[in-house]
Amino acid sequence: MSDKATLQYAGNSYEFPVTKGSENELAIDIKTLRSASGMVTIDPGYKNTGSCESAITFLDGEKGILRYRGYSIEDLAEKADFLEVAYLLIFGELPNKEQLEKFHHDIKEEADVDEEMKKILEAFPKAAHPMGVLSSMTSALVAFNPVSVDVSSEQAMYHSIVRILAKFPVLVAWTQRKKKGLPLNYGDDTLGYVENFHKMMFKRPNKEYVKDQIAIDAIDKLLILHADHEQNCSTSTVRIVGSSHAGLFASLSAGISALWGPLHGGANQAVLEMLQAIEADGGDTKKYMAKAKDKNDPFRLMGFGHRVYKNFDPRARIIKKAADEVLGNLGIEDPILDIAKGLEKEALEDEYFVQRKLYPNVDFYSGIIYRALGIPTEMFTVMFALGRLPGWIAQWREMRLRGEPIGRPRQIYIGENHRPFVEVSKR
Ligand code: CMC
């Protein structure tokens, strides 16, 4: 097979190298396209564009494969904990015991958030969506940690990374506590990363915190499943903002905003609201299936479909099983879980969904677990953000270490040609 691709246009022929990834994925390297031919490519939604080479996450949408640094998501969800996975994603290898202890120790050392940050949080109305609050608070952290912006050495980069891994769970917990009207507390550094987070989320001022292993394990697993997903919308956002050498926290803040949208991470909230609406409407799933297929109706079956997965989403399989286990262990019978399963069954047998290869994605069942754990619906996407944090960090770090150029796409201009200015009195 030739390792060059040829483009022919207007009697000219241009050759471009073809590069191959470690899983045999092929790409035409068009770095010289514009200088050689004067042309650019156009690809709305980047459906055919590889924005970078990356050694972090591999996914095969046809086969339903997802691996972080070569390890299968099934193995990691079953055998690893979130902090190990975070280390793996960011630094490339599973940590040994000492490395993991040091990593956790360094995070604990940074686990305070400046008290003045509380004033910023207080200024938000209680009804504010937690994703907007989280994005703003993450951006505000820059002002309190200005040294985190200059990451010219790997050590400075490491420092920024452990800082945000330490402070972000505090911000997440504070957004929930603010919504619930609970005092803004701090963590307990005798606890594991996820257990500490759980305590910060749920500790009541008048009650002892009681460790809830079922909840902690469920959160740990969900965070791992969300931890990275290669060049998705929010990750691409983090990389492109970071490519201007804006600091890590500012890049993450932009990523949080991108995640908020209902076509991306916001789908988990949208799924639950959809299932609740179906329940309130008498549980008529067929009606909503028909709406989803009606091209004149903007309604989409939330939690279905994926840009890359065209067979099944391996994360959805794991989460569906976990939903059964967690609800069973907690002794919860949720009619919404039955509606979700009914919808899934109908969709998997429906020609419209089969033809378009639409399957349940990671967001379809996750909200049912969060709800069972007592996490408010508006916090679901915030939980996704906490899970995605190490992935965003890993991708940002990789981009900086590889010295990637500033992200700056081209366009094809389709507006007016040059025209003379007309004074306002003559328009
Ligand atoms: N319900 C009904 N029809 C759908 C759905 C859906 N959920 N998703 C896609 N379609 C149809 C779409 O109308 C189009 O039909 P046609 O070919 O007749 O025009 C076809 O399937 C292809 O859809 P697309 O919008 O071109 O696909 P995309 O790759 O641009 O979008 C998606 C992927 C995830 C944005 C989309 O499937 C969607 O909107 N799903 C619902 C929202 C959701 O669950 N998002 C979470 C994604 S996974 C987690 C994450 O990324 O954060």
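Scanning the range 247-273 for residues that are open to solvent by 10 Å² or more (accessible area, probe 1.4 Å), in a helix (DSSP H, G or I), within 12 Å of the ligand (Cβ to nearest atom) and out of contact with any Pro (no Cβ under 8 Å at 6 or more places or on another chain) yields A258, W260. Taking the range 219-246 as the range and being away from the ligand (no atom under 14 Å from the Cβ), farther than 27 Å from N48 by Cβ and open to solvent by less than 10 Å² (accessible area, probe 1.4 Å) as the test, the residues that pass are I219, L223, I224. Going by the structure shown, is N24 in contact (Cβ under 8 Å) with a residue 24 or more places away in the chain and open to solvent by 70 Å² or more (accessible area, probe 1.4 Å)? Against the criterion (in contact (Cβ under 8 Å) with a residue 24 or more places away in the chain and open to solvent by 70 Å² or more (accessible area, probe 1.4 Å)), N24 does not qualify.
Taking residues in the range 409-427 that are in a loop (DSSP other than H, G, I, E, B), and partners anywhere that are among the charged types (D, E, K, R), the pairs with Cβ atoms closer than 8 Å and at least 6 places apart or on different chains are R410/R34.
Checked against the criterion of being hydrophobic (A, V, I, L, M, F, W, C) and either at pLDDT below 90 or assigned to a helix (DSSP H, G or I) (or both), the range 290-301 contains one or more residues that satisfy it. Of note, K286 does not satisfy the criterion of being part of a loop (DSSP other than H, G, I, E, B), open to solvent by 10 Å² or more (accessible area, probe 1.4 Å) and over 26 Å from M379 (Cα atoms). Are any of the residues in the range 364-373 away from the ligand (no atom under 12 Å from the Cβ), at pLDDT 90 or above and not aliphatic (A, V, I, L, M)? Yes: the range 364-373 contains one or more residues that are away from the ligand (no atom under 12 Å from the Cβ), at pLDDT 90 or above and not aliphatic (A, V, I, L, M). Might you check whether a residue that is in a loop (DSSP other than H, G, I, E, B) and touching a residue at least 40 places away in the same chain (Cβ under 8 Å) occurs anywhere in the range 164-179? There is no residue in the range 164-179 that is in a loop (DSSP other than H, G, I, E, B) and touching a residue at least 40 places away in the same chain (Cβ under 8 Å). If you scan the range 289-318, which residues turn out to be open to solvent by 40 Å² or more (accessible area, probe 1.4 Å) and under 29 Å from E230 (Cα atoms)? Correct list: P298, F299, R300, H306, R307, V308, K310, N311, F312, R317. Whenever a residue of the range 253-264 is closer than 19 Å to A143 by Cα, its partners that are near the ligand (Cβ under 10 Å from one of its atoms), lying with C-beta atoms within less than 6 angstrom and at least six residues away or across chains, give the pairs G255/S234. Taken across the range 303-312, residues that are under 22 Å from N232 (Cα atoms), more than 12 Å from the ligand (Cβ to nearest atom) and either assigned to a loop (DSSP other than H, G, I, E, B) or free of Cβ contacts under 8 Å to residues at least 24 places away in the same chain (or both) do occur, with at least one present. Among the residues of the range 90-107, how many are within 23 Å of M200 (Cβ to Cβ) and open to solvent by less than 70 Å² (accessible area, probe 1.4 Å)? The qualifying residues number 6. Restrict the check to the range 132-142 and report whether at least one residue is farther than 21 Å from L223 by Cα, at pLDDT below 95 and either open to solvent by 10 Å² or more (accessible area, probe 1.4 Å) or basic (K, R) (or both). Yes, the range 132-142 contains a residue that is farther than 21 Å from L223 by Cα, at pLDDT below 95 and either open to solvent by 10 Å² or more (accessible area, probe 1.4 Å) or basic (K, R) (or both).
Conditions tested, residue by residue: (1) over 20 Å from the mean Cα position of the chain (by Cα); (2) charged (D, E, K, R).
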{"residue": "G247", "(1), (2)": "no, no"}
{"residue": "A270", "(1), (2)": "no, no"}
{"residue": "E279", "(1), (2)": "yes, yes"}
{"residue": "T285", "(1), (2)": "yes, no"}
{"residue": "K295", "(1), (2)": "yes, yes"}
{"residue": "A316", "(1), (2)": "no, no"}
{"residue": "I319", "(1), (2)": "no, no"}
{"residue": "D334", "(1), (2)": "yes, yes"}
{"residue": "Y352", "(1), (2)": "yes, no"}
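Exactly one residue out of F384, F421 is open to solvent by less than 10 Å² (accessible area, probe 1.4 Å), at negative phi and aromatic (F, W, Y), and it is F384.
Checked across the range 70-84, the condition of being under 24 Å from Q411 (Cβ atoms) and surrounded by fewer than 15 Cβ atoms within 10 Å (Cβ to Cβ) holds for no residue. Taking the numbered list (1) crowded, with 20+ Cβ neighbours inside 10 Å; (2) outside the structural domain of Q231 (by the TED database) in turn, Q395 passes all entries but (2). Of all residues in the range 353-363, which are in a helix (DSSP H, G or I), within 10 Å of the ligand (Cβ to nearest atom) and open to solvent by 40 Å² or more (accessible area, probe 1.4 Å)? Scanning the range 353-363 gives a single hit, Q355.
Among the residues of the range 200-217, those identified as within 23 Å of the chain's Cα centre (by Cα) and surrounded by fewer than 23 Cβ atoms within 10 Å (Cβ to Cβ) are A215, I216, D217. Within the range 9-18, one or more residues are of a type in the set (D, E) and open to solvent by 50 Å² or more (accessible area, probe 1.4 Å).
The values are calculated or read from the model by the stated rules, or taken from the named source; none is laboratory data. Nothing here was measured: the structure is a model prediction, and the numbers come from that model. Glycine gets a Cβ as well: all are built from the backbone with ideal geometry, and neighbour counts include every protein chain shown. Side chains are part of the model used for accessible areas, which takes the heavy atoms of the whole protein and leaves out ligands, DNA and RNA. Shrake-Rupley method; radii C 1.70, N 1.55, O 1.52, S 1.80 Å.
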